[in-house]
1. Does anyone have the angle between helix 185-196 and the longest principal axis of the chain? Alpha-carbon axes, 0 to 90°, nearest 10?
2. Could you tell me which of rounded, prolate or oblate describes the chain, using a ≥ b ≥ c as the square roots of the eigenvalues of the alpha-carbon gyration tensor, with rounded for a/c under 1.5 and, failing that, prolate when a/b is larger than b/c and oblate otherwise?
3. R0 = 45 Å: FRET efficiency of Ser61 with Thr144, Cβ-based, nearest 0.05?
4. Pairs of Cα atoms under 8 Å, at least six residues apart: use those to get the relative contact order of the chain, whole percent.
5. Residues in region 25-56, backbone N under 18 Å from the label point at Leu182 (7 Å along the Cα-to-beta-carbon vector): list them, ranges by number please.
6. Could you tell me which GluC sites (Glu not before Pro) in region 36-107 are loop residues by DSSP with no more than 11 other beta carbons within 10 angstrom of their beta carbon?
7. May I ask you to derive the FRET efficiency for Glu27 and Gln88 from their Cβ-Cβ distance with R0 = 25 Å, giving the value to the nearest 0.05?
8. Can you tell me the FRET efficiency between Gln115 and Leu174 if r is taken as the Cβ-Cβ distance and R0 is 30 Å, rounded to the nearest 0.05?
Amino acid sequence: MRPENEALIVIDVQNDFCPGGALAVPEGDVIVPGINALMDEFGAVILTQDWHPAGHSSFASSHTDKAPYDMIEMPYGPQVLWPDHCIQGTEGGAFHDGLNTTRADLIIRKGYNPQIDSYSAFFENDQKTPTGLVGYLQNRDIDTLTMVGLATDYCVNFSAVNAAVLGFNVAVRLDLCRAIDLNGSLDAALSGMTGAGVQLA
Ligand code: VGL
Ligand code: ZN
């Protein structure tokens, strides 16, 4: 069954977030077969792709005297600085080879604005600038979302919380996500998602 009001949103299953990548998430690749299998149960499949220009402001290398995983204050709030990752057009930014991209109805790219990071599939990290995904879902009368992918505590978390606040029914399949887990970020994400009304499955 593929209910037309239900979408599977696959977050950032890209080479740089998998073992061997620039911002490797432990076991990031292990979830790929399960995600492919789950696609059969949804009327819509949407992939997101972290897609940064070289020199992006979220990269530690773009700031003097900063190292990966340091925090800085951006005009829109605190921001973790990352290793260079998911640069537009690179192999690291490409989807994992095993991911079924054929089934995708829409691929939404994010993080292309040099000045603002974008963890969420819905809004950039200023929590204001839209990616366009809300309009797409509303136009297709999709009201129920299941999220899977990388990383549980960053892009999945921000996408799920934004979706719940926007009024979508949202579930996260934790068995098909993997986390970065930086300074307690996974526990914070799990309680944040629960508090926002996201179903953790
Ligand atoms: C992500 C850090 C930086 C993610 C993306 O996909 O969770 N994390 N860019
Ligand atoms: Zn990124």
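The values are calculated or read from the model by the stated rules, or taken from the named source; none is laboratory data. Everything numeric in this text was worked out from a predicted model, so none of it was measured. Backbone-built Cβ (ideal geometry, glycine too); neighbour counts: all protein chains shown. Calculation scope for accessible area: heavy atoms of the full protein, side chains included, ligands and nucleic acids excluded. Shrake-Rupley method; radii C 1.70, N 1.55, O 1.52, S 1.80 Å.
1. For 185-196 against the chain, the angle is about 40 degrees.
2. Numbers: a/c = 1.57, a/b = 1.39, b/c = 1.13.
Because a/c hits 1.5 or more and a/b exceeds b/c, the chain counts as prolate.
3. On the way: r = 40 Å, r/R0 = 0.89.
Efficiency computed from Cβ-Cβ geometry: 0.65.
4. Relative contact order here is 24 percent.
5. Taking a point 7 Å out along Cα→Cβ of Leu182, the residues of region 25-56 whose backbone N falls under 18 Å are 25-28, 50-56.
6. Details: sites: Glu41, Glu73, Glu91; in loops: Glu91.
Of the GluC sites (Glu not before Pro), the ones in loops of region 36-107 whose Cβ has at most 11 other Cβ atoms within 10 Å are Glu91.
7. Values: r = 26 Å, r/R0 = 1.04.
With a Förster radius of 25 Å, E is 0.45.
8. Details: r = 32 Å, r/R0 = 1.08.
That pair, Gln115 with Leu174, gives E of 0.40.
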